[in-house]
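See below for the structure under consideration.
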Amino acid sequence: MADRRVLATLLLAAFGVLAVGHLAAQLAGATRLADITQWLLMPALAGALLTLTARPRPRLMVLTLVALGCSWVGDTAPDLTDGDAAFLVMVGAFLLAQLAYIAAFWPDRRRSVLLVRRPLLTAFVLAVAALVWACAPHAGPLLVPVLVYGLCLGAMAVLATGVHPAAGVGGGLFLVSDGLIALDAFAPGYHLAHHGFWVMLTYVLAQALLVLGVVLRARETR
């Protein structure tokens, strides 16, 4: 057990170093370093999650690991293909990640803002609606995938609030991160200085907080 904790600590430290290195590379315009560190982020986080829990792992853990794996595919897609194909592969991989998270979080839906603190549910609905309103008119043939992804992303963020407060914040940050990507792709006139940095900062924090929330929730239900 002590060995597992040491390994988990090392993997979490590696994730932290990779995250800081990636964000610094984003700001410095070091594209190659940014790519390499991004490829390694989700494996480090998934490895930490694996070592933090023993077999048999609960359904929540297994599906979270699936979501992290799909996220890794989404992270690497832009470096494996080009143009619209890269964007579609990325969206498809992250759509699968959102579906895995939705399945993982569904059993705790009665603890979420669907039934508790409903004003927060309104905030999520308005955020997704505003994002769709800004992006849909310019999505062209990608309109349907964008709409489907937006709805699944919103559902994941809502359901994450039922797992643990940390996961709820993580779900909200995931919504922000992917919202920035969508605005950059489809909203004319959108401009955010250091766009890639802000996308990845919110994304890294989102995934870390989702995993933290899942670990804490699993410990509550043991």
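The values are calculated or read from the model by the stated rules, or taken from the named source; none is laboratory data. The shown structure was predicted, so the numbers you read here are calculated from the model rather than taken from an experiment. Note that we place each Cβ from the backbone using ideal geometry, even for glycine, and neighbour counts take in every protein chain shown. All accessible areas refer to the heavy atoms of the entire protein, side chains included, with ligands and DNA or RNA removed. Shrake-Rupley method; radii C 1.70, N 1.55, O 1.52, S 1.80 Å.
Some notes on this structure:
- Only one of the numbered conditions (1) β-branched (Val, Ile, Thr); (2) touching a Leu at 6+ places or on another chain (Cβ under 8 Å); (3) open to solvent by 30 Å² or more (accessible area, probe 1.4 Å) is not met by residue 214, and that is (3).
- Selection status of residue 134, within 14 Å of residue 175 (Cβ to Cβ) and exposed (fewer than 15 other Cβ atoms within 10 Å of the Cβ): no
To keep it simple, each residue is scored yes or no on (1) hydrophobic (A, V, I, L, M, F, W, C); (2) under 25 Å from residue 3 (Cβ atoms); (3) in a helix (DSSP H, G or I).
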| residue | (1), (2), (3) |
| --- | --- |
| 23 | yes, no, yes |
| 26 | no, no, yes |
| 36 | yes, no, yes |
| 39 | yes, no, yes |
| 47 | no, yes, yes |
| 66 | yes, no, yes |
| 71 | no, no, yes |
| 75 | no, no, yes |
| 78 | no, no, yes |
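- Residue in segment 171-189 that is of a type in the set (Ser, Thr, Tyr) and farther than 21 Å from residue 37 by Cα present: no
- Within segment 17-58, being open to solvent by 20 Å² or more (accessible area, probe 1.4 Å), polar (S, T, N, Q) and under 19 Å from residue 80 (Cβ atoms) holds for 31, 38.
- Test: residue 132 is under 27 Å from residue 183 (Cβ atoms), within 20 Å of the chain's Cα centre (by Cα), aliphatic (A, V, I, L, M) and in a loop (DSSP other than H, G, I, E, B): no
- Residues of segment 181-205 classified as touching a His at 6+ places or on another chain (Cβ under 8 Å), open to solvent by less than 30 Å² (accessible area, probe 1.4 Å) and either within 18 Å of residue 126 (Cβ to Cβ) or of a type in the set (Asp, Glu) (or both), total: 1
- Selected residue (only one of 117, 111 is free of Cβ contacts under 8 Å to residues at least 60 places away in the same chain, open to solvent by 30 Å² or more (accessible area, probe 1.4 Å) and on the phi > 0 side of the Ramachandran plot): 117
Here is a yes/no grid of residues against (1) without any contact (Cβ under 8 Å) to a residue 12 or more places away in the chain; (2) within 28 Å of residue 59 (Cβ to Cβ); (3) surrounded by fewer than 21 Cβ atoms within 10 Å (Cβ to Cβ):
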| site | (1), (2), (3) |
| --- | --- |
| 85 | yes, no, yes |
| 88 | no, no, yes |
| 138 | no, no, yes |
| 147 | no, no, yes |
| 161 | no, yes, no |
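Here's the yes/no breakdown for (1) over 22 Å from residue 89 (Cα atoms); (2) in a loop (DSSP other than H, G, I, E, B):
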{"position": "107", "(1), (2)": "yes, no"}
{"position": "113", "(1), (2)": "yes, yes"}
{"position": "122", "(1), (2)": "yes, no"}
{"position": "126", "(1), (2)": "yes, no"}
{"position": "136", "(1), (2)": "no, no"}
{"position": "155", "(1), (2)": "no, no"}
{"position": "159", "(1), (2)": "yes, no"}
{"position": "163", "(1), (2)": "yes, yes"}
{"position": "174", "(1), (2)": "no, no"}
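- Residue in segment 165-175 that is of a type outside the set (A, V, I, L, M), open to solvent by 40 Å² or more (accessible area, probe 1.4 Å) and at pLDDT 95 or above present: yes
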